[in-house]
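Peer 1: Take this structure first; my questions come after.
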Amino acid sequence: MTFRDNDHTDLKNNKHTTNIVVIGKSGQLAWELAQLTDQNTTITCLGRKEIDISCEQSINEALIKYQAEAVINASAYTAVDQAESDKDSAYTINAVAVKNLASVCQKLSLHLIHISTDFVFNGDKGSPYLPNDPIKPLGVYGASKAKGEKSINQIIPNNSCIIRTSWVYSTHGNNFVKTMLRLMAEKSELGIISDQIGSPTYAKSLAKVCFLASKNKVSGIHHWTDAGVASWYDFAVAIQVLALSKGLLEKAIPIKPINTTDYPTPAARPSYSILDKTSCNDVFANLPLVHWRSQLNDMMDKL
Ligand SMILES: NC(=O)c1ccc[n+]([C@@H]2O[C@H](COP(=O)([O-])OP(=O)(O)OC[C@H]3O[C@@H](n4cnc5c(N)ncnc54)[C@H](OP(=O)(O)O)[C@@H]3O)[C@@H](O)[C@H]2O)c1
C-alpha cells in the first residue's frame with residue numbers, strides 16, 4: 001500500500017485509510033496497538049519526543065502534524081505505589097494531561113479512546129463492578145485516573161470511550177509476569193498475596209478492543225479484561241507452571257499464599273476488582289472473550 005505524503009489514501013485503490021494516533025509509544029498497550037493495522041487503518045504511535053502530553057498546545061500541534069483522525073490515549077502514570085509520594089506527577093499525567101487531550105480532541109472533532117483502571121473502585125462491592133457503579137478510589141493512582149475520567153465525561157462525552165481494565169501484562173515492558181519470572185529464577189521461595197482478586201489481562205487482547213472501539217467510534221464507559229478471575233497467588237502459580245513447561249525456568253520453588261497485611265505497600269489496593277464486561281460484549285458483537293490462563297500461555301510462548 002502506498003500513501004501520499006499528506007493524505008492517507010491508497011493511490012492504487014483510491015481508498016481512504018483512517019489514521020489512529022496512539023499517545024504513549026513505549027508502554028505495554030501502545031506496543032500491542034502498534035502491531036495492529038488493517039487494510040483501512042494505520043496506527044501512528046507518539047512518544048515523549050513527538051508530544052508533550054502535559055501541554056495542551058503540544059497536543060494540538062502533534063495531532064495536527066501527525067494527521068490524527070482518531071486518538072487512543074495509552075499513556076499514563078502507572079507506578080501505583082510511587083504515586084503515593086509523587087502525587088503531582090500522577091495528577092499531571094492522569095488528570096491534567098487527559099483534560100488537555102479531551103479539550104483538543106473536542107476542538108478537532110477527533111474520537112478519543114481513553115484507558116482507565118479497576119483501581120477507581122474500592123473493592124468492597126463483592127460482585128463484578130458495572131461501568132456506572134459509584135467509584136471510590138483507595139489511592140492516588142486510582143484518584144488521579146478517576147479525575148481523568150471525569151474530565152473526558154465533561155468535555156467530550158459523546159465522542160469518547162473510556163475502557164477500564166485490570167492487571168495488564170505483555171511481552172513488552174514491566175509487569176507482574178516478568179517480575180515473577182525474574183524472582184522465581186533468583187529466590188528460593190516466594191510469598192504472594194492471595195486475598196486480592198482480579199482478572200489478569202493480556203495487553204494484546206486489550207489492544208484489539210481499543211482498536212475496534214476506535215474504528216467503530218464506540219462511546220461511553222466500558223469494562224474489558226480477559227475472562228476468569230484469579231488472586232495474585234493463583235496468577236503466580238500459573239506463571240511458574242507454564243514457565244517450567246516451556247523451559248523458561250529450570251526448577252520450581254515453593255510459592256506460599258500470604259495476606260495483604262503480610263506485604264504492606266504504600267498504596268492500598270482493592271481486594272476485589274472484577275469488572276463486569278457485559279456492556280462491552282453488547283457493543284462488540286462476537287468479540288472473543290478468552291480465559292486469562294490461555295492468554296498467559298500465548299504470551300509466555302512469545303517470551
Ligand atoms: N498496567 C496495568 O496493570 C494496568 C491496569 C489497569 C489499567 N491500566 C491502564 O492501561 C493503560 C495502559 O497501561 P500500560 O500498562 O500499557 O502502561 P505502561 O506500560 O506503564 O505505559 C505507560 C505509557 O505512558 C507513557 N508516559 C508516562 N508518563 C508520561 C509523560 N510524562 N509523557 C509522555 N508519556 C508518558 C510512558 O512513556 P515512557 O515509557 O516514556 O515513560 C508509557 O509509554 C493506562 O491508562 C493504565 O492506567 C493499566
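The values are calculated or read from the model by the stated rules, or taken from the named source; none is laboratory data. These numbers were taken from a predicted model, which means no experiment stands behind them. With ideal geometry, Cβ positions are generated from the backbone for all residues, glycine too; neighbour counts draw on all protein chains shown.
Peer 1: Considering every residue within the range 86-99, establish whether at least one is crowded, with 20+ Cβ neighbours inside 10 Å, at pLDDT 95 or above, farther than 20 Å from residue 160 by Cα and of a type in the set (A, V, I, L, M).
Peer 2: Among the residues of the range 86-99, at least one is crowded, with 20+ Cβ neighbours inside 10 Å, at pLDDT 95 or above, farther than 20 Å from residue 160 by Cα and of a type in the set (A, V, I, L, M), which makes the answer yes.
Residue-wise test of (1) touching a helix residue (DSSP H, G or I) at 6+ places or on another chain (Cβ under 7 Å); (2) part of a strand (DSSP E or B); (3) under 17 Å from residue 145 (Cα atoms); (4) more than 11 Å from the ligand (Cβ to nearest atom).
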| site | (1), (2), (3), (4) |
| --- | --- |
| 50 | yes, no, no, no |
| 59 | yes, no, no, no |
| 64 | no, no, no, yes |
| 67 | no, no, no, yes |
| 82 | no, no, yes, yes |
| 98 | yes, no, yes, no |
| 114 | yes, yes, yes, no |
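Peer 1: So for the range 120-130 (the condition being in a loop (DSSP other than H, G, I, E, B), within 12 Å of the ligand (Cβ to nearest atom), of a type outside the set (Ser, Thr, Tyr) and buried (at least 19 other Cβ atoms within 10 Å of the Cβ)), does at least one residue qualify?
Peer 2: Within the range 120-130 (the criterion being in a loop (DSSP other than H, G, I, E, B), within 12 Å of the ligand (Cβ to nearest atom), of a type outside the set (Ser, Thr, Tyr) and buried (at least 19 other Cβ atoms within 10 Å of the Cβ)), the answer is yes, since at least one residue qualifies.
Peer 1: Got a sec? Which of 231, 205, 170, 188 is over 24 Å from residue 43 (Cα atoms) and within 16 Å of the ligand (Cβ to nearest atom)?
Peer 2: One residue alone meets the criteria, 231.
Peer 1: Being in a helix (DSSP H, G or I), more than 16 Å from the ligand (Cβ to nearest atom) and under 30 Å from residue 131 (Cα atoms): is that true of residue 244 here?
Peer 2: no
Peer 1: If we keep just the residues of the range 236-284 that are among the aromatic types (Phe, Trp, Tyr) and out of contact with any Leu (no Cβ under 8 Å at 6 or more places or on another chain), which is surrounded by the fewest Cβ atoms within 10 Å (Cβ to Cβ)?
Peer 2: The extreme case among them is 263.
Peer 1: When you go through 206, 212 one by one, which is the residue that is surrounded by fewer than 17 Cβ atoms within 10 Å (Cβ to Cβ), within 26 Å of residue 25 (Cβ to Cβ) and in contact (Cβ under 8 Å) with a residue 24 or more places away in the chain?
Peer 2: Among 206, 212, only 212 is surrounded by fewer than 17 Cβ atoms within 10 Å (Cβ to Cβ), within 26 Å of residue 25 (Cβ to Cβ) and in contact (Cβ under 8 Å) with a residue 24 or more places away in the chain.
Peer 1: Tell me yes or no: at least one residue of the range 25-37 is under 18 Å from residue 209 (Cα atoms), without any contact (Cβ under 8 Å) to a residue 40 or more places away in the chain and more than 9 Å from the ligand (Cβ to nearest atom).
Peer 2: The answer is yes, given that some residue of the range 25-37 is under 18 Å from residue 209 (Cα atoms), without any contact (Cβ under 8 Å) to a residue 40 or more places away in the chain and more than 9 Å from the ligand (Cβ to nearest atom).
Peer 1: Going through the range 268-290 one residue at a time, which ones are closer than 15 Å to residue 132 by Cβ and either in a loop (DSSP other than H, G, I, E, B) or at pLDDT below 95 (or both)?
Peer 2: Selection gives 276, 277, 278, 279, 280, 282, 283.
Every residue, every condition in (1) in a loop (DSSP other than H, G, I, E, B); (2) under 18 Å from the mean Cα position of the chain (by Cα); (3) under 30 Å from residue 281 (Cα atoms), yes or no:
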residue: 218; (1), (2), (3): yes, yes, yes
residue: 237; (1), (2), (3): no, no, yes
residue: 240; (1), (2), (3): no, no, no
residue: 249; (1), (2), (3): yes, no, no
residue: 253; (1), (2), (3): yes, no, no
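Peer 1: For the range 158-198, name all the residues that are polar (S, T, N, Q), closer than 26 Å to residue 302 by Cβ and either part of a strand (DSSP E or B) or in contact (Cβ under 8 Å) with a residue 24 or more places away in the chain (or both).
Peer 2: Matches in the range 158-198: 165, 166, 170, 171, 175.
Peer 1: Would you be able to tell me the number of residues in the range 247-301 that are without any contact (Cβ under 8 Å) to a residue 24 or more places away in the chain and within 28 Å of residue 83 (Cα to Cα)?
Peer 2: Looking only at that region, the number is 2.
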